[in-house]
Structures are given as structure tokens and as C-alpha cells.
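Notes to accompany the following structure.
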């Protein structure tokens, strides 16, 4: 391993993508993600890094007199599949102080490392909410460890990152290695909200062979149909035995799909090459396919085709406000992701206001409203789209006018939203009944919405 440092577990706040932050309720799964990468250590073992993330929006908050905390439990077991011996079986408590509740949709992200000898291992990682153990997710991976130092020219696994800081002096960071500070992204989702993919990999045993022969390093990206969409290459020398390769992929240019990043090292003279690959996902509904054979249906199918069943459930929960009762019943009767993907594709095609346009503008606008609702109205216990203001914002859009009453001596804070073009003009009145900026709908003049002409009594301070 190149100047590898043994890191103890620690957590750090990083932003997470909109569609992989499930809500804190019984219908949405607990938000926990895990990924790993292997790096060389010595001739008989590799150093395996585990990357984890807990979505704070799905976690309970521990309140104290001085600070609020998000706390989680990470349980890792690593079992040798040949001997049945567990080399690791341990719990860690990770926590993060909540400095400002206005920082929405953040995640507790960390890394922990293990030295594993050659062999095959069953790795089970469980993430739990420390305040409610019923909120949990278990992920199992089988990892085959073959020491990189036993090979000729070789590459480590590819580590995906949301950012890489070159020449970092923050040597105490758990994300620091080889002069780089690498922020892992276990969810591996990029696009509009995360426009650049960063990657890190290590190259070993480069001096094996003729030092006068340059090596070629290729960076290639393939889409789900195996079509090459990105290709770069460069030449490197063999004067050092090991080196680091970092790079980027401009994911904001790619349409919604699943992709595979491949890093290859080629020796054309010796007719020898090695490669390492990593899968990632892009959600970019505003980017059109350049292939003229692709249709808008393919774009929508591509978006939902890269979502897991949990992510489909989460997105439909966000879409329920505009769904009919039969549609809700139909979706809830579906038992697998294939049926749910087909349903979501048809659901949004049916709401396409301009079929002649290859972009489903209604879907794009709705996704933007979800992002805005989460940014504006999220609290400790709920994402913005789950709140009353978020629901109204998703259904009816931006109000024409908002009349705010934040500091009243005889009443709790309240807001009046005006929509001038709906039913000749309607209003929505929200009040902060708890004092935690969680505004509840008190009254509306919109047909079908809550109506309470005596709403003022609920906010009057007696």
C-alpha cells in the first residue's frame, strides 16, 4: 500500500443526492449505503476500505441542553468463507453534532479500513439508527482478496468520490491518503445535483518490464448498452514502481442511465494490459440522448431503470400528491421493481403536457419542486416535501405572493400564500404551532383543501 494510514472511524457531513434521501416515516426505508475498495498492502494481504453513509433526514435526533446529535450504529462482520472464522465482528457508534437545522438533506459519511489476507470473505454491514434500532438496513457483499503485490503491473479498485482535494495538508482527516483528501460517495449517483464524478486508483509494480517502454492509461466510460461515451488516455513512465491516478468524469453532460467507468493500463510492446472497473449512476432528466434512435420514452425508462426498488418507492411517495386513488392502490399492489419501473414510466408519460417535446417538462418541473421544497421546508424529523408547505408547493407550484408574519406579540408565526390564477384566486394559511419552524396548514379557500374560518384561534397566544 502507498503510504497507507490506519484510520479510526469518524463521521463527516457531506451533501447527498435528492433521490437517495428517503423520508423518516414507516413507508420509506432507512437511508444507509455502503461501498468498498481494495488497495495493496503487502505480498499476502490487501487493505480494504469500507465507505458508509447514513442519511440524517431518516434518523432520529437526540436533543441535549447544549447540542442536538444524529447518532447511528455500524455493525461489521467479515467471515472467511473457507474456514467460517469471523475476522471482524464489531459495532461502532458514530454521531454528528447538528450545528444548524437549516442544513438540509445531509449525510453522515465515514470510512473504516481492514487488512485482509488472501481469500474470499462474506462481509455483512448493518446500519442502524442509534435511537430506534427498528430503522436499519443490512448489506452483504462477497469480497475476493488477491494481493496486488503478487501480480505484475496491476491496479487497485476504483474509489468514487464527490470531491478530491489535491495536495491536502489535512493529514488528520480520515479521508486523507497519499497527499489527497478523498470524499467517498457510497451511493454512486451523479448528475444535476452532483455534476462531476471524481475517482482515485493506485497503480503498482510499474517498474516490472523495460523502463524505456511507456505505459498508456485509458479512462473509458460505457453506458448501459455497452456504448462508449467517454474516452481519454495518456502516457506514463515506469521510473517509479507505484503511483496514484485521480481523475474526473463530467456527469452533467450524460443522460440518465447506468454507466461503467474503466481504468486500464496498457503495455503495447509487451502486449499486456490490466484494468479495473466501477459502476455508477446518472440522473439527468434535463439532458437529452444524442442518439437519434432514442425516444422520450427511453429517457424516462432510463431514469427509472437505474433506480432500485427502494428508490422507486421513495420517488412514488414524493409523487403521491398528484396521483389518483386507483393509481396509489395499483402501485401499492406491485411486489417487484420491474412492475414498479413500468408503472412509474407510464405514470409520468400520462402527465406529459407536450408529447411532441422529447423532454417531459412536467417531470422536470416536479423534480425541481421536490428539490426546492427540501431546501426551503425541511426540519429535523421530516424532509421538506413531507411538510404541509412542501405538499402545497409540489401540487400548485410557487405562490404568486407570500405574506409572512414571523414575529407577532399575540400570535405564533404564520404565513399566507396567494395563488391568483387558481379558481379565481385562493389562499393557504400555515402556522408554526410548535415553535420549531414546522408550519401546519390551518386554512385554505381552495376547493378540496382544509377549510377552517376560525384558524386564528389556533395561533393566538393566550
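The values are calculated or read from the model by the stated rules, or taken from the named source; none is laboratory data. In this text the structure is predicted, and so the values were computed from the model without any measurement. Reconstructed Cβ throughout: ideal geometry from the backbone, glycine too, with neighbour counts over all protein chains shown.
Is it fair to say residue 261 is surrounded by 15 or more Cβ atoms within 10 Å (Cβ to Cβ) and under 21 Å from the mean Cα position of the chain (by Cα)? When the stated conditions are applied, residue 261 passes them. Here residue 126 meets the list (1) outside the structural domain of residue 175 (by TED's automatic domain parsing); (2) at pLDDT below 95 almost entirely, failing just condition (2).
In the stretch 196-213, how many are more than 29 Å from the chain's Cα centre (by Cα) and surrounded by 16 or more Cβ atoms within 10 Å (Cβ to Cβ)?
Narrowing the stretch 196-213 to residues more than 29 Å from the chain's Cα centre (by Cα): 204-213.
With the extra rule that they be surrounded by 16 or more Cβ atoms within 10 Å (Cβ to Cβ), the set shrinks to 204-206, 208-209.
Count: 5.
Could you please let me know if residue 310 is surrounded by 15 or more Cβ atoms within 10 Å (Cβ to Cβ) and under 25 Å from residue 187 (Cα atoms)? The answer is yes for residue 310. Does any residue of the stretch 331-345 turn out to be without any contact (Cβ under 8 Å) to a residue 40 or more places away in the chain, closer than 26 Å to residue 372 by Cβ and outside any helix (DSSP H, G or I)? No, the stretch 331-345 contains no residue that is without any contact (Cβ under 8 Å) to a residue 40 or more places away in the chain, closer than 26 Å to residue 372 by Cβ and outside any helix (DSSP H, G or I). Taking the criterion of being under 22 Å from residue 192 (Cβ atoms) and at pLDDT 50 or above, the residues of the stretch 6-57 that qualify are 31, 33, 35, 53, 55, 56, 57.
Within the stretch 113-172, considering only strands (runs of 3 or more DSSP E) that don't extend past its boundaries, which have at least 2 residues that are free of Cβ contacts under 8 Å to residues at least 40 places away in the same chain? Give the derivation first.
Values: elements: 119-129, 132-145, 159-166.
In the stretch 113-172, the matching strands (runs of 3 or more DSSP E) lie at 132-145, 159-166.
Of the candidates 345, 409, the single residue that is in contact with a helix residue (DSSP H, G or I) (Cβ under 7 Å, 6 or more places away or on another chain), more than 24 Å from residue 60 (Cα to Cα) and at pLDDT below 90 is 345. As a summary of the residue check, residue 252 satisfies the conditions (1) under 28 Å from residue 340 (Cβ atoms); (2) in contact with a strand residue (DSSP E or B) (Cβ under 6 Å, 6 or more places away or on another chain); (3) modelled with pLDDT of 90 or more except for the one numbered (2). Picking from residues in the stretch 68-106 that are loosely packed, with under 11 Cβ neighbours inside 10 Å and modelled with pLDDT under 80, the one that is nearest to residue 379 (Cα to Cα) is 102.
Among the residues of the stretch 359-369, is there at least one that is under 30 Å from residue 63 (Cα atoms) and in contact (Cβ under 8 Å) with a residue 60 or more places away in the chain? If you could, list the steps in order and put the result at the bottom.
Step one: of the stretch 359-369, the residues under 30 Å from residue 63 (Cα atoms) are none.
For the stretch 359-369, residues under 30 Å from residue 63 (Cα atoms) and in contact (Cβ under 8 Å) with a residue 60 or more places away in the chain: absent.
Taken over the stretch 370-383, the criterion of being in contact (Cβ under 8 Å) with a residue 60 or more places away in the chain and farther than 19 Å from residue 194 by Cβ is satisfied by 377, 379, 380, 381, 382. Within the stretch 249-270, no residue that is outside the structural domain of residue 195 (by TED's automatic domain parsing) and farther than 19 Å from residue 187 by Cα sits with its Cβ atom under 8 Å from a residue that is crowded, with 22+ Cβ neighbours inside 10 Å and at pLDDT 90 or above at 6+ positions apart or across chains.
Just need a number here: residues in the stretch 195-237 that are outside any strand (DSSP E or B) and in contact with a helix residue (DSSP H, G or I) (Cβ under 8 Å, 6 or more places away or on another chain).
So the count comes out to 3.
Residues in the stretch 430-454 that are within 34 Å of the chain's Cα centre (by Cα) and in a strand (DSSP E or B): 430, 431, 432, 439, 440, 441.
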